[in-house]
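Each value in this text was obtained by applying a stated rule to the coordinates, not by laboratory testing. Keep in mind that this is a model prediction, so the values were computed, not measured. Cβ: placed from backbone, ideal geometry, glycine included. Neighbour counts: every protein chain shown.
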Amino acid sequence: MEKLNNLYIEIKPILHTYVFELKKNSKKFIIFSIITGLIGFLIGFLGFALIPEDSLSSSQGAYFQDGLGIMSLILIFGVCFFFGGIICSEFSTKSGYIVFPKINKYKLIIGKYLGNITLLIGVIAIYYFILVLLGIFFYGLPLNIRIFHSFAITILYILAVSSFVTLFSSFMKSVNMTIIATILILLIVFSLVDQIVVLSNPDFEPIYSLDFMSRLITSILETDFPATTAERYIDMEMQGFIFRIWITPTIQMGITVMLLYTIICLGLASIIFSRKQL
Amino acid sequence: MLKIKSGTKMVVLSILLLGIFLINMSSTIVAADNNYNIALKKGTDVLEVTEYDEDAWKSTISRGFSPYAWFGGSADEIHSKSKYTTLSWFKNESSAMEVFYWIFSLEVALLIDSDYEYDGWAVYQAKWNFTSKAFKDDADIEENFIPVFLNPEDFKRVLDDYNDLAPLVPVLSADDFLLQLILKGLIIPKPFED
């Protein structure tokens, strides 16, 4: 009983920070939820309802794949806005002078991280919920169970990208610069590097790339997930060059890489954070 | 004098513009220049076999023509289900050759000698055959094409074209022809008042 008591006392600052973060970012959560919900409604319903020529997908799984095509873009912006200031805001606004003497700084960051993760998963859950409702509306029951697998992959992807952004937040000086830098890297740099690497060596699968990992969110919905390496890419030959487009990582590789990103980025962020001075 | 905050004005203006946009989008869909319009909605319908009298079927339809041949799958089992999802439709002009290719085959279609254009719609559906098990994730026919004639009089036109064709294709009987029309899935447009 005493051990439990001590544990509770240890966890209490994290819980308080967690609840505080939920309340502090509630407006951000509401705005993102509304925007995400509208996007889900527009992509998943409005076009199909108003335009007869706009063809529905031939199955519920394919419909979910099309609806989730924009998920990685929503996630990148969501993660950058929610996590951009997770560490650097305490230093840029100098609020660390007030907070750090009163609360263990690691517990503070853990509480903030968990609070923001909860909010972002909530936003994404709303998008998935709308898509599921529309999937049932257009295709009826039963629900394709792979949508839950996709949701699990999305949560892993959120963990990986949020850790990546947290790492940047640990050494950058301002919140705005962190958001801009991480959006640019996640949206543009990763895909550029992928193209250069694959062009120079088509056999090299870009497993380092978060952009490549994000494709697992939709590809896991395939009825027949590519079983062999050859099924996971398409080759296009043009003027003597082979342009290889890698479609998806394997499920095991995707989960492993995303977990590695989470562990490594959070580890590095905590090291940098421990040495950072106010 | 009623003062309205600029924020409220923006909200009202946005809603108004959105409403005008949506009305314009929907009005272009329902406008029609004839007395028939297609009454489809996107979505899925499930069909279930609730009754099957095998003797009555054999005596009415044919001994050699089973429910499987007509509906596909296990259509002769009680409680077996089929479903189809209407994916899209659009205005379309089909040549006589295209219509006969849809009803019969390419070989028959190539024998057609008619310049007539059948006005109507092209409807695309995904179809799951009758089954007593759970539906598969993917459809048995992912894109089932069904032409819908704008003018029901075009069915008579199809029969006239068939009559011209019949001496060249003696294996086709009138019953065969009508059966093929029914098997492919007749969709009739809905009449409405001007």
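What average number of partner chain Cβ atoms lie no more than 10 Å from the Cβ of the residues making up A:52-64? Kindly include the intermediate steps, with their values, before the conclusion.
Values: counts 13, 7, 4, 9, 10, 4, 12, 9, 5, 2, 5, 1, 0.
Per-residue shielding by partner chains comes out at 6.
Here the Karplus curve 6.51 cos²θ - 1.76 cosθ + 1.60, taken at θ = phi - 60°, turns the phi angles of region B:150-161 into couplings of 5, 9, x, 4, 5, 5, 5, 4, 4, 5, 5, 5 Hz, with x standing for Gly and Pro. If you fit an axis through the alpha-carbon atoms of helix A:2-24 and take the longest principal axis of the Cα set of chain A, what angle between them do you get, 0 to 90°, nearest 10? On a 0 to 90 degree scale, this one is about 60. Less than 5 angstrom separates the built amide H of B:ASN144 from those of B:GLN125, B:ALA126, B:LYS127, all sequence-distant by 5 or more or on a different chain.
Let me know the longest stretch in chain A that avoids all trypsin sites (Lys or Arg not before Pro) found in a DSSP loop with at most 14 other C-beta atoms within 10 Å. My reading of the result: A:174-278 is the longest stretch. Near B:TYR118, the amide H atoms lying under 5 Å from its own belong to B:SER94, B:SER95, B:ALA96; only residues 5 or more places off or on other chains count, and H is placed 1.01 Å from N. Note on region A:1-115: dipole from Cβ charges, positive end direction compared against A:LEU38, A:LEU7, A:GLN65; the farthest Cα belongs to A:LEU7. Within 10 Å of the Cβ of each residue in B:87-94, the mean number of Cβ atoms contributed by other protein chains is 3. Based on Cα contacts under 8 Å between residues 6+ apart, region B:35-191 shows a relative contact order of 26 percent. Mean-square fluctuations from a GNM of chain A, with a 10 angstrom spring cutoff on Cα atoms, peak among A:PRO101, A:PRO206, A:PRO13 at A:PRO101. Less than 5 angstrom separates the built amide H of B:ILE38 from those of B:LYS190, all sequence-distant by 5 or more or on a different chain. Considering only A:PHE91, A:PHE164, A:PHE82, the mean-square fluctuation computed in a Gaussian network model of chain A, springs between alpha carbons under 10 angstrom, is largest for A:PHE91. Only one residue of B:ASN163, B:VAL46, A:PHE212 has its Cα farthest out toward the positive end of the dipole of the protein assembly as shown, where Lys and Arg carry +1 and Asp and Glu -1 on Cβ, and that residue is A:PHE212.
Calculated [222 nm] ellipticity per residue, helices only, for chain A: -21500 deg cm²/dmol; basis is -39500 (n - 2.57) per DSSP H run with n ≥ 4, divided by all residues, nearest 500.
Using the Cα gyration tensor of region B:59-149, with a ≥ b ≥ c the square roots of its eigenvalues, what is the shape: rounded (a/c below 1.5), prolate (a/b larger than b/c) or oblate (neither)? Oblate, since a/c reaches 1.5 and b/c is not below a/b. Ordered by the number of other Cβ atoms lying within 10 Å of each residue's own Cβ, fewest first, A:THR17, A:THR250, B:THR50 fall into the sequence B:THR50, A:THR250, A:THR17. Remark: region B:41-56, residue by residue, has Karplus-estimated 3J(HN,Hα) of 9, 6, x, 10, 10, 10, 10, 10, 7, 9, 8, 9, 9, 5, 5, 5 Hz, where x stands for each Gly or Pro and the curve is 6.51 cos²θ - 1.76 cosθ + 1.60 at θ = phi - 60°.
Using unit Cβ charges (K, R positive; D, E negative) and no other charged atoms, how large, in debye to the nearest 20, is the dipole of chain A about its Cα centre? Before the final figure, lay out each step's value.
Working: 18 positive and 16 negative charges, 371 e Å.
The dipole magnitude comes to about 1780 debye.
Annotation for B:ILE78 and A:LYS12: the two label points, set 7 Å from Cα along the Cα-Cβ direction, are 6.9 nm apart.
The 3J(HN,Hα) values that the Karplus relation (6.51, -1.76, 1.60; θ = phi - 60°) gives for region B:106-121 are, in residue order, 5, 4, 5, 4, 5, 7, 5, 10, 8, 9, 5, 10, 8, 6, x, 10 Hz. Gly and Pro appear as x.
Using bins of 10 Å that start at zero, the share of Cα-Cα pairs per bin across chain A amounts to 6, 25, 30, 23, 12, 3, 0, 0, in whole %.
In chain A, the longest principal axis of the Cα atoms and the axis of helix A:251-275 are about 20 degrees apart.
Hey, what's the Cα Rg ratio for region B:35-191 versus the globular rule of thumb, 2.2 N^0.38 Å?
Working: Rg = 17.0 Å, N = 157, 2.2 N^0.38 = 15.0 Å.
Working it through for region B:35-191, the quotient is 1.13.
Once Rg and the Kirkwood radius are both taken over the C-alpha atoms of the protein assembly as shown, their ratio Rg/Rh works out to 1.10.
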